[in-house]
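Have a look at this one before I ask anything.
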Amino acid sequence: MSDQFDVVIVGGGPAGYAAALYGAAAGLNIALIEKSKLGGTCLHVGCIPAKELLETAAVYRTVTHAADFGIGASAPTVDFSITQTRKQGVIDNLTKGLTGLLKHRKVTVFDGVGVVTSTGDTKTVAVSGGESGDVEVAGRHLIIAAGSVPRTIPGFDVDGSTIVTSDELLSLQSLPESAAIIGGGAIGIEFASMMADLGTKVTVLEAMPKIIPGVDPDAARVVERSLKKRKVDIRTGVMVKGHEPHEGRTRVQFGDGESVDVDLVVLSIGRRPFADLLGLDAAGVPVDDRGFVPVDDNCRTSVPGVWAVGDIIATAQLAHVGFAEGMVAIRDILGEDPQPVDYLNVPWCIYCHPEVAFVGHTEESAVEAGFEVVTSTHRFAGNGRAMIVGETDGLVKVIAEKGPDGRPGRMLGVHMVGPWVTEQLGQGYLAVNWEATVDDVAAFIQPHPTMSELFGETVMAMTGRALHG
Ligand code: FAD
């Protein structure tokens, strides 16, 4: 069979559609195969709907505190069905935009399940079960971008009403009075924050000693304190044992004979790679024992001409990491010797209240990696804009390598928790990835009054000459 396409991509989530858009912009003739909805997890059951519901919670909090500003507003109520309609409107707009963009770039989209049938010189994928009917798509290069699905716990059968994963939670038409969230990682804590703000009594059950593992401990403490203030019951270091119906609710057993009775159980214990429908075994593309497709720095699998990107490979499961990997694969296909993704230094954002954002080393990981480090921490409590907004909980911590002269030198990590920090991380991201020194960054002017002044102050303090701190 002759090559119809330069590149065939299976999976239309962030990793797959980024590869398609980027490749098409570079002049490649691209086929994109998607079995469900263009935009994948991120757009339909991930980043976008989750952040939309968190914004609803933010609006609720703002109205709750309106009286502090002299604004008379009666106690807020939530009609979650309106929230859902608004959420769906955002998703529909973005889906329309993405579909238009792919069309504009002349990407050929196939609707159906893709099964890889040959990985010889010509790669072929059989597509079936969707609007495109039964077709065979052939190309010179293949990119696997089939993403991930929520992990579940044996014995906890997802029924969409009493036991849910993120997929179902994000489409609930009303919020429960009480919920147990199993898993205190980023997604679980975003859900805990959103539901607690909107009136659900939340219990978080986390097997690890701390919630949001991987987050700087001082930042994680700020989040934990805030959740506790909102009456979230956080149980760490506990294993969930099972569940049973109890007086119209669900009794979840955990730890050493403890239990909690709730209206909804939310499974939030991570996501597993989804190679289930791809037929990779038969096609000779290896899959490891956890279900990930092994790749090298350029996202190449061990089969010549086959790449894998996004949540299906064992890297950070983030949409923007998928975008970056999709672009690496395309640049490799184009023979451009791409810069591999620097996984240590990708940006991380968690949109709970207060928000968390970070990049690079924590103090602990920098020391483990053999650096002598200097740290500087400043709190939002003294920041004018934070006071104006009425959100002074939080901090910025900068980690720098101690230079040969004993002074702080290259910036290794930036950790933030507090108001709007997901929108403030950009400077820290650039500084760390540009290998800027503390002196370089301290010279930058921060606009006044802004939250970002705190980042500037935190860096300036490391030079020994803070302005306000
Ligand atoms: P996916 O988005 O999973 O897309 C894979 C696509 O492949 C799917 O559309 C699927 O239908 C399709 N597919 C699979 N198999 C086949 C086949 N055989 N044939 C045809 N099509 C197939 N990340 C962030 O960066 N920021 C966030 O704030 C964030 N929040 C999140 C919140 C939640 C609740 C969840 C669940 C995830 C969140 N993520 C976030 C993670 C992010 O959604 C994923 O990292 C991202 O979607 C992965 O992109 P992907 O393209 O690899 O896979």
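Could you list all residues from region 267-301 that are open to solvent by 30 Å² or more (accessible area, probe 1.4 Å), β-branched (Val, Ile, Thr) and closer than 26 Å to residue 336 by Cβ?
295
Restricting to region 1-18, and then to whatever is in a loop (DSSP other than H, G, I, E, B) and more than 15 Å from the ligand (Cβ to nearest atom), can you tell me which residue is least open to solvent (accessible area, probe 1.4 Å)?
That would be 3.
Quick one: in region 380-420, of everything that is at pLDDT 95 or above and basic (Lys, Arg), which residue is surrounded by the most Cβ atoms within 10 Å (Cβ to Cβ)?
Out of the qualifying residues, it is 397.
Cβ contacts < 7 Å: first residue closer than 17 Å to residue 29 by Cα, restricted to region 312-341; second residue open to solvent by 60 Å² or more (accessible area, probe 1.4 Å) and not hydroxyl-bearing (Ser, Thr, Tyr), any location; separation 6+ or different chain. Result?
These pairs meet every condition: 332/300.
Mind counting the residues in region 302-327 that are surrounded by 21 or more Cβ atoms within 10 Å (Cβ to Cβ) and more than 20 Å from the chain's Cα centre (by Cα)?
Qualifying residue count, region 302-327: 2.
Next question, about the same structure. If a residue has to be part of a loop (DSSP other than H, G, I, E, B), basic (Lys, Arg) and within 16 Å of residue 7 (Cβ to Cβ) to count, how many in region 265-310 make the cut? Break it down into steps so the answer makes sense when it comes.
At the first step, the residues of region 265-310 found to be part of a loop (DSSP other than H, G, I, E, B) are 268-270, 274-279, 284-299, 301-305, 309.
Filter once more, keeping what is basic (Lys, Arg): 290.
Checking the rest, the ones that are also within 16 Å of residue 7 (Cβ to Cβ) come to none.
Selection size over region 265-310: 0.
Conditions tested, residue by residue: (1) assigned to a strand (DSSP E or B); (2) within 30 Å of the chain's Cα centre (by Cα).
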| site | (1), (2) |
| --- | --- |
| 49 | no, yes |
| 82 | no, yes |
| 125 | yes, yes |
| 130 | no, yes |
| 139 | yes, no |
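Looking only at region 19-39, which residues are open to solvent by 10 Å² or more (accessible area, probe 1.4 Å) and either of a type in the set (Phe, Trp, Tyr) or farther than 22 Å from residue 85 by Cβ (or both)?
Going through region 19-39, the residues open to solvent by 10 Å² or more (accessible area, probe 1.4 Å) turn out to be 21-22, 24-29, 34-38.
Matches in region 19-39: 21, 22, 24, 25, 26, 27, 28, 29, 34, 35.
Which one of 435, 457, 423 is open to solvent by less than 70 Å² (accessible area, probe 1.4 Å) and of a type in the set (D, E, K, R)?
Values: 435 fails: open to solvent by less than 70 Å² (accessible area, probe 1.4 Å); 423 fails: open to solvent by less than 70 Å² (accessible area, probe 1.4 Å).
After ruling out the rest, the residue left standing is 457.
Show the residue pairs that are 6+ apart or on different chains and have beta-carbon atoms under 9 Å apart, the first residue being within region 157-179 and closer than 14 Å to residue 83 by Cβ, the second being assigned to a loop (DSSP other than H, G, I, E, B) and within 13 Å of the ligand (Cβ to nearest atom).
169/268; 170/46
With the condition kept exactly as written, say whether any residue in region 54-63 is touching a Phe, Trp or Tyr at 6+ places or on another chain (Cβ under 7 Å), outside any loop (DSSP other than H, G, I, E, B) and open to solvent by less than 60 Å² (accessible area, probe 1.4 Å).
Filtering region 54-63 for residues touching a Phe, Trp or Tyr at 6+ places or on another chain (Cβ under 7 Å) gives 54.
Now restrict to residues that are outside any loop (DSSP other than H, G, I, E, B): 54.
Still in the list and also open to solvent by less than 60 Å² (accessible area, probe 1.4 Å): 54.
Yes.
Every residue in region 183-214 that is among the aromatic types (Phe, Trp, Tyr) and touching a Pro at 6+ places or on another chain (Cβ under 7 Å), please.
Initial filter on region 183-214 (among the aromatic types (Phe, Trp, Tyr)): 191.
The answer is none; no residue qualifies.
Tally up the residues in region 64-80 that are loosely packed, with under 13 Cβ neighbours inside 10 Å and part of a helix (DSSP H, G or I), please.
Matching residues across region 64-80 total 3.
Exactly one of these conditions fails for residue 292: (1) in contact with a Cys (Cβ under 7 Å, 6 or more places away or on another chain); (2) without any contact (Cβ under 8 Å) to a residue 40 or more places away in the chain; (3) within 13 Å of the ligand (Cβ to nearest atom). Give me its number.
Unmet condition: (1).
Could you grab the pairs with beta carbons closer than 7 Å, sequence gap of 6+ or different chains, first residue in region 114-125 and farther than 13 Å from residue 282 by Cβ and open to solvent by 40 Å² or more (accessible area, probe 1.4 Å), second one modelled with pLDDT of 95 or more and within 15 Å of the ligand (Cβ to nearest atom)?
From residues that are farther than 13 Å from residue 282 by Cβ and open to solvent by 40 Å² or more (accessible area, probe 1.4 Å), there are no pairs.
So which residues in region 58-80 are touching a Ser or Thr at 6+ places or on another chain (Cβ under 7 Å) and either within 16 Å of the ligand (Cβ to nearest atom) or over 13 Å from residue 169 (Cα atoms) (or both), if there are any at all? Walk me through it before giving the result.
From region 58-80, those touching a Ser or Thr at 6+ places or on another chain (Cβ under 7 Å) are 76, 80; that's our starting set.
Answer for region 58-80, where residues must be touching a Ser or Thr at 6+ places or on another chain (Cβ under 7 Å) and either within 16 Å of the ligand (Cβ to nearest atom) or over 13 Å from residue 169 (Cα atoms) (or both): just 76.
Checking the condition closer than 21 Å to residue 187 by Cα, out of contact with any helix residue (DSSP H, G or I) (no Cβ under 7 Å at 6 or more places or on another chain) and acidic (Asp, Glu), which residue from 256, 233, 296 passes?
Details: 256 fails: closer than 21 Å to residue 187 by Cα; 296 fails: closer than 21 Å to residue 187 by Cα.
It is 233.
Would you mind stating whether residue 308 is at pLDDT 95 or above and within 16 Å of the ligand (Cβ to nearest atom)? Walk me through how you get there before you give the answer.
Numbers: at pLDDT 95 or above: yes; within 16 Å of the ligand (Cβ to nearest atom): yes.
Considered against the rule, which asks whether it is at pLDDT 95 or above and within 16 Å of the ligand (Cβ to nearest atom), residue 308 comes out as yes.
How about region 146-183: which of its residues are among the small types (Gly, Ala, Ser) and either away from the ligand (no atom under 14 Å from the Cβ) or surrounded by fewer than 16 Cβ atoms within 10 Å (Cβ to Cβ) (or both)?
Of all residues in region 146-183, those among the small types (Gly, Ala, Ser) come to 146-148, 155, 160-161, 166, 171, 174, 178-180, 183.
If the condition is that a residue be among the small types (Gly, Ala, Ser) and either away from the ligand (no atom under 14 Å from the Cβ) or surrounded by fewer than 16 Cβ atoms within 10 Å (Cβ to Cβ) (or both), then 155, 160, 161, 171, 174, 178, 179, 180 are the ones that fit.
How many residues does region 220-233 contain that are surrounded by fewer than 20 Cβ atoms within 10 Å (Cβ to Cβ) and closer than 18 Å to residue 266 by Cβ?
Total meeting the criteria: 3.
Only one of these is closer than 30 Å to residue 304 by Cβ, in contact with a strand residue (DSSP E or B) (Cβ under 9 Å, 6 or more places away or on another chain) and not aliphatic (A, V, I, L, M): 245, 209, 286, 273. Name it. First the steps, then the outcome.
Working: 245 fails: closer than 30 Å to residue 304 by Cβ; 209 fails: closer than 30 Å to residue 304 by Cβ; 286 fails: in contact with a strand residue (DSSP E or B) (Cβ under 9 Å, 6 or more places away or on another chain).
Among 245, 209, 286, 273, only 273 is closer than 30 Å to residue 304 by Cβ, in contact with a strand residue (DSSP E or B) (Cβ under 9 Å, 6 or more places away or on another chain) and not aliphatic (A, V, I, L, M).
The values are calculated or read from the model by the stated rules, or taken from the named source; none is laboratory data. Keep in mind it's a predicted model, so treat the numbers as computed, not measured. Note that we place each Cβ from the backbone using ideal geometry, even for glycine, and neighbour counts take in every protein chain shown. Calculation scope for accessible area: heavy atoms of the full protein, side chains included, ligands and nucleic acids excluded. Shrake-Rupley method; radii C 1.70, N 1.55, O 1.52, S 1.80 Å.
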